[in-house]
Amino acid sequence: MYACLCLLFLFFTIFAEATYPPGGFHHLSTLRQNKKSSKSKSELPFETRYFPQNLDHFSFRPESYKVFHQKYLINRRFWRKGGPIFVYTGNEGDIDWFASNTGFMSDIAPKFRALLVFIEHRFYGESTPFGKKSHKSAETLGYLNSQQALADYAILIRSLKQNLSSEASPVVVFGGSYGGMLAAWFRLKYPHIAIGALASSAPILHFDNIVPLTSFYDAISQDFKDASINCFKVIKRSWEELDAVSNMKHGLPELSKKFRTCKGLHSIYSARDWLMGAFVYTAMVNYATAANFMAPLPGYPVEQMCKIIDGFPRGSSNLDRAFAAASLYYNYSGSEKCFELEQPTDDHGLDGWGYQACTEMVMPMSFSNQSMFPPYENDYEAFEEQCMSKYGVKPRPHWITTEFGGKRIESVLKRFGSNIIFSNGMQDPWSRGGVLKNISSSIIALVTKKGAHHADLRASTKGDPEWLKEQRRQEVAIIEKWISEYYRDLKE
């Protein structure tokens, strides 16, 4: 998978015209993101700080002690000394972006009188150990992995508690998507630092063939099929028409015109990925109310896309319908005069996920014949070759399950883990790689039929459906129980 988050994460291909299929964590790396898709930094109710962090926590060579400044956000408005500390384990991007889309923590902070902390993941946003050279080669990127990130969080949290003279404060970690994976893993790796974790839309089982390779795209297809069978069929047929146009004598100029591109297309894959990106992202963020996470979108945007497709007169081109639907994602505001398909920008500091996908975050995917996407069988060898070509490294497909587990997770965590909430919405394609059943009395799966990608972590709105309100009430009650038990144990 090639990214999240958060996302993530649509990184359909690590490289142009790659043979590996679309798929990525949050699919964020190759699509142009809307710069207005989150609050400006000045609007966030946080103070920005920087923590001197060691480059390498797992060796004692002289170069390991190189210091970089890790960005974090803090809000002390409701906190009192000794009170709980709520920490967001940052994803693959600018931490301000995640903070502005994780209003749930701010919503519940007054009730718990909690300190809020959002920590940026190393090598993302401003937290780049080698500055502008951080992503230039595997020599520098070799320090980018989830284990180093978790150690960063542990060290920063311990230091923060010491500086606040509040070392007895209980810590609860929160995260969505890749950040949710990190939150769950942090609780398992550092139980002496965090008393519990809320891991929202965390696909920790999307590794090592634990779930079917087709599950992600099958789930997206089901979302569109549930909205409209005709919509599903139109999108499924549009790929053949796309191929047919591209094979024409002047196919690429014709596609450029049809897709209203700002510049002439050089590859059919650009148009394909643009369409797929819209459908994948929209399924992920199919929130019940209007939102502005990945892009400005109306409530239940999958249904709105299908209404556009179903509203075309009979005999209309399937490709024209698919383009019109995809335009909802890229141009809901109607302000875009043309679309930039081949020169994406990285407005949220996401560069770096390609390397993680080529090393530890190996989530291979396929397209089944039942999906609305062209059938594709995963080609791991081609993916490995691309990673060697780009970064000079080979993926380690079994590393995540070795380091964090995943196989037979129910029997393992039943006897080992505690105090983790795995929340998932079944309209989110990443839910298929999540924990969907309770493992024990304290490792709880909260699953909603209509939920989208970490919808529960978003700020509450007046239009929130009752099922979402109930999910959040359950989360608050569980967290309240953890904290009460902690303080009770502290007194004994």
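The values are calculated or read from the model by the stated rules, or taken from the named source; none is laboratory data. Owing to the predicted nature of the structure, the values given are computational and were not obtained by experimental measurement. Backbone-built Cβ (ideal geometry, glycine too); neighbour counts: all protein chains shown. Calculation scope for accessible area: heavy atoms of the full protein, side chains included, ligands and nucleic acids excluded. Shrake-Rupley method; radii C 1.70, N 1.55, O 1.52, S 1.80 Å.
Can you tell me, using C-alpha contacts under 8 Å and at least 6 residues apart, the relative contact order of the stretch 210-331 as a whole percent? Please report the intermediate quantities before stating the final value.
Details: 120 pairs, mean separation 35.5, N = 122.
29 percent.
With an 8 Å cut-off on Cα pairs and a minimum separation of 6 or more residues, tell me the relative contact order of the stretch 374-492 in percent.
In percent, rounded to a whole number, it is 17.
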> Which value, to two decimals, describes the C-alpha radius of gyration of the stretch 47-87 once divided by 2.2 N^0.38 Å?
Replying inline: 1.62
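Report, for the chain, the % of DSSP beta bridges that are antiparallel, rounded to 5.
Taking every DSSP beta bridge with both residues in the chain, the antiparallel ones total about 35 percent.
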> How are the C-alpha pair distances of the stretch 50-148 spread across 10 Å bins, as whole percents from the shortest bin up?
Replying inline: 15, 40, 27, 14, 2
>> Straight-line reach from LYS258: which lysines fall under 17 Å, measuring Cα to Cα and dropping same-chain residues less than 8 apart?
In response: LYS249, LYS337
> Amide H to amide H, which residues 5 or more places from GLY196 or on other chains are under 5 Å from it, using H placed in the peptide plane?
Replying inline: VAL173
> How much accessible area per residue does the chain have, in Å², with a 1.4 Å probe?
Replying inline: 41 Å²
>> Need the list of lysines near LYS111 for cross-linking: C-alpha distance under 23 angstrom, and skip anything on the same chain fewer than eight residues off.
In response: LYS81, LYS161, LYS462, LYS469, LYS481, LYS491
>> Charges on Cβ only, +1 for Lys and Arg, -1 for Asp and Glu, centred on the Cα centroid of the chain; of MET276, PHE293, MET372, which one is farthest towards the dipole's positive end?
In response: PHE293
>> As an exercise, find the ratio Rg/Rh for the stretch 210-331 from alpha-carbon atoms, using the Kirkwood inverse-distance average for Rh.
In response: 0.98
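Pull out a ≥ b ≥ c, the square roots of the eigenvalues of the alpha-carbon gyration tensor of the chain, then state rounded if a/c is under 1.5, prolate if not and a/b is larger than b/c, and oblate in the remaining case.
Working: a/c = 1.77, a/b = 1.49, b/c = 1.18.
Note, shape of the chain comes out prolate.
Using a 1.4 angstrom probe on heavy atoms only, work out the carbon and sulfur share of the accessible area of the stretch 210-331 in %. Working shown, then result.
Values: 2550 of 4840 Å².
That share works out to 53 percent.
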>> How big is the dipole moment of the chain about its Cα centre under a simple scheme where the beta carbon of each Lys and Arg is +1, that of each Asp and Glu is -1, and everything else is neutral? Debye, nearest 20, please.
In response: 1180 debye
